[in-house]
Amino acid sequence: MNKLDHIKIPSNFDCAIDEAIDKAFSEKKRIKSRKRKSIAAGLSVALIVGTIAINSETTWAYIENITKHIESFLGREDSIFDKYKFEGLQTVEDNGLKFSLGELMIDDGQILVSMSMDYTNFKPKDKNIDASKIHPSLPTVTIDNIPLLAPSGGVVEYEKVEGENKVNMLLKINFWDLNTDINNTDKNSYEILDNIESGKEYNLKMTISNLYYNDKEEYNLGSGKWEFNTKINASNIIKDTHVHKVNKKIKIDEDVYKGDLDIEEIRISPLSVKVKYNYDLYTDISVNKRREPRFIVKNQNGKELELGSGAGGQLNNGKWYIGDEFNLKGNEKKIIITPCVYINDKAKLFTEDAIVLDID
């Protein structure tokens with residue numbers, strides 16, 4: 001019997017297809033990978049298992065050799081995020097692949113993880129496989145037995161270490177539109193920092209089960225499981241993340257889009273700006289012709305902030321609920337968030353509805 005025989009076609013199939021296509025345009029990919037330039041080889045280190053205080057020089061030396069600091073991937077000043085990061089210092093080997101966990105950092109609705117992968121002992125059945133191009137799918141994460149279900153999006157950045165059978169990686173795992181109740185349909189309000197207590201130490205477990213090869217998900221490399229455990233305390237990042245409730249509605253009446261845009265809140269952390277908003281699903285014209293509302297964010301000098309990995313989206317009762325992330329460089333004094341709609345590939349800015357916020 002064919003596997004397709006049990007699929008039921010809904011009565012509103014055409015509408016469902018249209019919405020699915022619309023979501024594909026509106027959401028970022030669940031995972032994107034970015035290959036970066038090779039870097040010089042570091043010193044070889046022995047297997048390290050366990051936890052060492054993050055502020056010790058020994059810890060930093062180990063982390064420097066196991067993997068890279070998070071700041072190095074982001075182009076930020078060395079050690080600027082020290083008070084927000086937690087060490088993993090664990091190495092797990094399975095299926096010939098040795099993953100080492102360096103640092104973790106919670107940034108509001110996302111978790112950043114620095115890792116490395118040593119493929120010295122990996123023996124692929126397919127001799128054509130270039131092991132340096134293997135990288136993990138986004139892992140599952142549990143905080144004190146509270147599953148964050150599955151990532152809503154994210155990025156894996158990776159780079160080959162010259163002279164070693166090793167790749168350094170930065171994982172950015174987004175959880176904006178998820179909650180802890182899989183049966184709860186209100187998936188638009190979950191924020192990690194809003195759901196953990198300041199001052200409390202949490203156990204964090206991260207599990208990698210699937211691998212990519214050249215952006216091909218779950219390539220048949222055999223079974224594997226890499227599980228890491230560490231402790232986190234989000235007091236500092238909670239203290240330094242500022243939430244601005246906006247609740248501003250903007251009516252848009254353009255040929256490419258008609259509907260209401262609601263800006264719910266803007267969250268500014270030491271690392272990023274996140275804009276949470278929703279807008280009406282517009283179906284009067286085809287998906288390839290319509291252009292949903294977006295935002296352009298600039299600093300005090302008019303320089304546009306880079307769009308980050310994003311936080312996905314959720315269609316609920318005819319509205320898209322979206323979270324956009326923009327990367328901070330650390331020199332911002334002020335940010336200007338301007339709604340826009342792209343018409344003929346050119347942004348029409350709604351400057352009268354721009355939101356200006358100071359960066360503390």
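The values are calculated or read from the model by the stated rules, or taken from the named source; none is laboratory data. Since the model is a prediction, treat every value here as computed from it, not as a measurement. Cβ atoms come from the backbone with ideal geometry, glycine included; neighbour counts cover every protein chain shown. All accessible areas refer to the heavy atoms of the entire protein, side chains included, with ligands and DNA or RNA removed. Shrake-Rupley method; radii C 1.70, N 1.55, O 1.52, S 1.80 Å.
Does G259 count as buried (at least 16 other Cβ atoms within 10 Å of the Cβ) and either more than 30 Å from R76 (Cα to Cα) or charged (D, E, K, R) (or both)? Give the steps one after another, and end with the answer.
On the way: buried (at least 16 other Cβ atoms within 10 Å of the Cβ): yes; either more than 30 Å from R76 (Cα to Cα) or charged (D, E, K, R) (or both): yes.
Spelling it out, G259 is indeed buried (at least 16 other Cβ atoms within 10 Å of the Cβ) and either more than 30 Å from R76 (Cα to Cα) or charged (D, E, K, R) (or both).
Return the total of residues in region 323-345 being outside any strand (DSSP E or B) and more than 21 Å from E264 (Cβ to Cβ). Give the derivation first.
As a first pass, look at region 323-345 and keep what is outside any strand (DSSP E or B): 328-333, 344-345.
Retained after the next criterion (residues that are more than 21 Å from E264 (Cβ to Cβ)): 329-333, 344-345.
Residues meeting the conditions: 7.
Looking at E352, E306 in this structure, which one is of a type outside the set (S, T, Y), under 22 Å from the mean Cα position of the chain (by Cα) and open to solvent by 20 Å² or more (accessible area, probe 1.4 Å)? Spell out the reasoning first.
On the way: E352 fails: under 22 Å from the mean Cα position of the chain (by Cα).
The conditions single out E306.
Exactly one condition in (1) at pLDDT below 95; (2) in contact with a Leu (Cβ under 7 Å, 6 or more places away or on another chain); (3) among the aliphatic types (A, V, I, L, M) is false for V287; which is it?
The one condition V287 does not meet is (2).
Residues checked against (1) under 29 Å from K329 (Cα atoms); (2) more than 18 Å from the chain's Cα centre (by Cα); (3) in a loop (DSSP other than H, G, I, E, B):
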residue	(1), (2), (3)
K205	no, no, no
G224	no, yes, yes
I237	yes, no, no
D255	no, yes, yes
E265	yes, yes, no
K276	yes, no, no
T283	no, yes, yes
V287	no, yes, yes
G302	yes, yes, yes
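Taking region 155-167, which residues are more than 17 Å from the chain's Cα centre (by Cα) and open to solvent by less than 10 Å² (accessible area, probe 1.4 Å)? Can you show your working first?
So the first thing to find is which residues in region 155-167 are more than 17 Å from the chain's Cα centre (by Cα), and the list is 159-167.
E159, V161, V167 - these are the residues of region 155-167 that are more than 17 Å from the chain's Cα centre (by Cα) and open to solvent by less than 10 Å² (accessible area, probe 1.4 Å).
Check off (1) in contact with a Pro (Cβ under 7 Å, 6 or more places away or on another chain); (2) under 22 Å from K172 (Cβ atoms) for N327 and give me the number that stays unchecked.
(1)
Condition first: β-branched (V, I, T) and surrounded by fewer than 21 Cβ atoms within 10 Å (Cβ to Cβ). Can you find one or more residues in region 263-286 that meet it? I'd like the intermediate steps shown before the answer.
Going residue by residue through region 263-286, those that are β-branched (V, I, T) are 263, 266, 268, 273, 275, 283, 285.
Still in the running and surrounded by fewer than 21 Cβ atoms within 10 Å (Cβ to Cβ): 283, 285.
Yes, region 263-286 contains a residue that is β-branched (V, I, T) and surrounded by fewer than 21 Cβ atoms within 10 Å (Cβ to Cβ).
Could you run through region 101-136 and say how many residues are over 30 Å from N233 (Cα atoms) and either open to solvent by less than 50 Å² (accessible area, probe 1.4 Å) or in contact with a Leu (Cβ under 6 Å, 6 or more places away or on another chain) (or both)? Spell out the reasoning first.
Step one: list which residues in region 101-136 are over 30 Å from N233 (Cα atoms), which gives 119-134.
With either open to solvent by less than 50 Å² (accessible area, probe 1.4 Å) or in contact with a Leu (Cβ under 6 Å, 6 or more places away or on another chain) (or both) added as a condition, the list becomes 119, 122, 124, 129, 131-132, 134.
Matching residues across region 101-136 total 7.
Take the conditions in contact (Cβ under 8 Å) with a residue 40 or more places away in the chain and out of contact with any Leu (no Cβ under 7 Å at 6 or more places or on another chain) and apply them to K98. Does it pass? It would help to see each step written out before you state the result.
Values: in contact (Cβ under 8 Å) with a residue 40 or more places away in the chain: no; out of contact with any Leu (no Cβ under 7 Å at 6 or more places or on another chain): yes.
No; evaluated as a whole, the condition is false for this residue.
Limited to region 182-203, what total is found for residues that are modelled with pLDDT of 90 or more and not in a strand (DSSP E or B)?
To start, the set of residues in region 182-203 that are modelled with pLDDT of 90 or more comprises 200-203.
Filter once more, keeping what is not in a strand (DSSP E or B): 200.
So the count comes out to 1.
When only residues in region 289-300 that are open to solvent by 50 Å² or more (accessible area, probe 1.4 Å) and among the charged types (D, E, K, R) count, which is nearest to the chain's Cα centre (by Cα)? Break it down into steps so the answer makes sense when it comes.
Restricting attention to region 289-300, the residues satisfying the condition of being open to solvent by 50 Å² or more (accessible area, probe 1.4 Å) are 289, 291, 294, 298, 300.
Within this subset, residues satisfying the condition of being among the charged types (D, E, K, R) are 289, 291, 294, 298.
Details: K289: 28, R291: 24, R294: 19, K298: 21 Å.
It comes out as R294.
I need the full set of residues from region 82-108 which are farther than 16 Å from P139 by Cβ and outside any strand (DSSP E or B), in order please.
D82, K83, Y84, G96, D108
Sort out which residues of region 58-68 are surrounded by fewer than 21 Cβ atoms within 10 Å (Cβ to Cβ) and either modelled with pLDDT of 85 or more or among the polar types (S, T, N, Q) (or both), and write them in order of number. Even if it seems obvious, please write down each step before you answer.
Quick first cut of region 58-68, residues surrounded by fewer than 21 Cβ atoms within 10 Å (Cβ to Cβ) only: 58-62, 64-65.
Those that are surrounded by fewer than 21 Cβ atoms within 10 Å (Cβ to Cβ) and either modelled with pLDDT of 85 or more or among the polar types (S, T, N, Q) (or both): T58, T59, N65.
Exactly one of these conditions fails for P147: (1) closer than 19 Å to L204 by Cα; (2) out of contact with any strand residue (DSSP E or B) (no Cβ under 6 Å at 6 or more places or on another chain); (3) modelled with pLDDT of 85 or more. Give me its number.
(3)
Determine, yes or no, whether K245 is part of a strand (DSSP E or B), over 30 Å from D360 (Cα atoms) and touching a strand residue (DSSP E or B) at 6+ places or on another chain (Cβ under 7 Å).
Here the answer is no, as K245 does not meet what is asked.
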